[in-house]
1. Among P319, P324, which is the only one that is at pLDDT 95 or above, in contact with a helix residue (DSSP H, G or I) (Cβ under 8 Å, 6 or more places away or on another chain), farther than 28 Å from D182 by Cβ and not assigned by TED's automatic domain parsing to the domain that holds I209?
2. Please work out which residue is farthest from H202 (Cα to Cα), limiting yourself to the stretch 321-377 and to residues that are among the hydroxyl-bearing types (S, T, Y), in contact (Cβ under 8 Å) with a residue 12 or more places away in the chain and surrounded by 15 or more Cβ atoms within 10 Å (Cβ to Cβ).
3. Yes or no: Q44 farther than 18 Å from P92 by Cβ, out of contact with any Asp or Glu (no Cβ under 9 Å at 6 or more places or on another chain), among the polar types (S, T, N, Q) and in contact (Cβ under 8 Å) with a residue 60 or more places away in the chain?
4. Looking at the stretch 153-182, which of the residues that are in contact (Cβ under 8 Å) with a residue 40 or more places away in the chain and hydrophobic (A, V, I, L, M, F, W, C) is nearest to T301 (Cα to Cα)?
5. For the stretch 165-180, what are the residues that are part of a loop (DSSP other than H, G, I, E, B) and in contact with a strand residue (DSSP E or B) (Cβ under 6 Å, 6 or more places away or on another chain)?
6. For the stretch 84-108, name all the residues that are on the phi > 0 side of the Ramachandran plot and not polar (S, T, N, Q).
7. Working only within the stretch 20-45, note down all residues that are under 21 Å from G109 (Cβ atoms) and of a type in the set (A, V, I, L, M).
8. Which residue out of R189, R228, R194 is within 22 Å of the chain's Cα centre (by Cα), surrounded by fewer than 21 Cβ atoms within 10 Å (Cβ to Cβ) and at pLDDT 90 or above?
Amino acid sequence: MSELPVVVVGAGPVGLAAAAQLLERGLRPLVLEAGPQAGAAVAQWHHVRLFSQWSELVDPAARRMLEPTGWTAPEGQGYPTGAEWAAEYLVPLAEALGEHVRVNARVVGVARRGRDRVVDAGRDSEPLTVHVQTDDGEERITARAVVDASGTWGSPNPLGGDGLPAIGERAVADRITYHVPDLDHEIKRYAGKRVAVAGSGHSALTALIALTDLAAEHPGTHVTWLLRRGAVGNVFGGGEADQLPARGALGLKAKSAAKAGHVEVVTGFRTSEVERDGDQLILVSQDGHRLDPVGEVVVLTGFRPDHSWLSEVRLELDPVLQAPTKLAPLIDPNVHSCGTVYPHGANELRQPEPNVYLVGMKSYGRAPTFLAMTGYE
């Protein structure tokens, strides 16, 4: 099988880094990207600025591949937006990888050739088959290994407090967004309205700051922050002591906005139902608490992995985090932060299915603390 490619699913930061690393080791990668360009998911949050500096966002093998092309490395101390990360690094890296990257190629299944997941015989000797959907139809690619770097961007967690969509949530999907709003292009959607933001992570803080800035310019804009936890606690992060200074600064700014009364904070609110009242929405908690009507809801409660297209290969995942079982104890958000996870690799990421690996954000399952630098390591 040595002549077969290693299929890497996803042309995001870690998928492209994996391809560069594979080439340095004399292996032939084939990166399959569902979107129309490298970094397609990153391009969708183009307006959001990262907490990591450029020096932490470029994989070493990728840098070695790019330098002979005349690529100009971005300033190491800068903090790029998603658009800048994609345009100044991911797209040039994909171009340098050339024929090893294919876009508009969505992987819809992976299996052992001629065997479903129940069959034991041949799992060590038969190659993998990767089922791909393209604009021209279906395709099968035979691979020596599969590295799943598809991320979690396409599977945001719902508003419902029990991990499933709240009653009525799907029916009002036109009034709910699951990503940080791009207020440069969506100002009419939010200006002058009551907006509820659900979530306690740094994406929620980013949205809160953007919306409070909007409220300062557009009277009538009101922001309600919904926290499932019973108290605000340490939701604003480490402040000046944060391991990521830009993240700490964001938390301090959000804390200041909340303290000044620009944000109405509602704690202990676990959404059970969403009701439509004319052109307004009413959120109802599991204990019957009804919020004042809002015009829009921003749900930033994290993401989860999609393992559905891996149903015919054998996975071993932590029952809580849905991460590889050897990795899960290292990344449990109840115990660890992003700065306490030591470098890990194939031993923690390999699956029981021979030559199948989960990497990048996908490998973290539901843990929210992934850093690009961790993925490169």
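1. Step by step, each of P319, P324 is checked, and only P324 is at pLDDT 95 or above, in contact with a helix residue (DSSP H, G or I) (Cβ under 8 Å, 6 or more places away or on another chain), farther than 28 Å from D182 by Cβ and not assigned by TED's automatic domain parsing to the domain that holds I209.
2. Within the stretch 321-377, the match that is farthest from H202 (Cα to Cα) is Y357.
3. In short, yes.
4. Once the filter is applied, the top-ranked residue is L159.
5. Of everything in the stretch 165-180, those that are part of a loop (DSSP other than H, G, I, E, B) and in contact with a strand residue (DSSP E or B) (Cβ under 6 Å, 6 or more places away or on another chain) turn out to be A166, G168, E169, Y178.
6. G98
7. The initial filter retains those residues of the stretch 20-45 that are under 21 Å from G109 (Cβ atoms), namely 29-35, 40-41.
Matches in the stretch 20-45: L30, V31, L32, A34, A40, A41.
8. Details: R189 fails: within 22 Å of the chain's Cα centre (by Cα); R194 fails: within 22 Å of the chain's Cα centre (by Cα).
Matching residue, one of R189, R228, R194: R228.
The values are calculated or read from the model by the stated rules, or taken from the named source; none is laboratory data. Keep in mind it's a predicted model, so treat the numbers as computed, not measured. We place every Cβ from the backbone using ideal geometry, glycine too, and count neighbours over all the protein chains shown.
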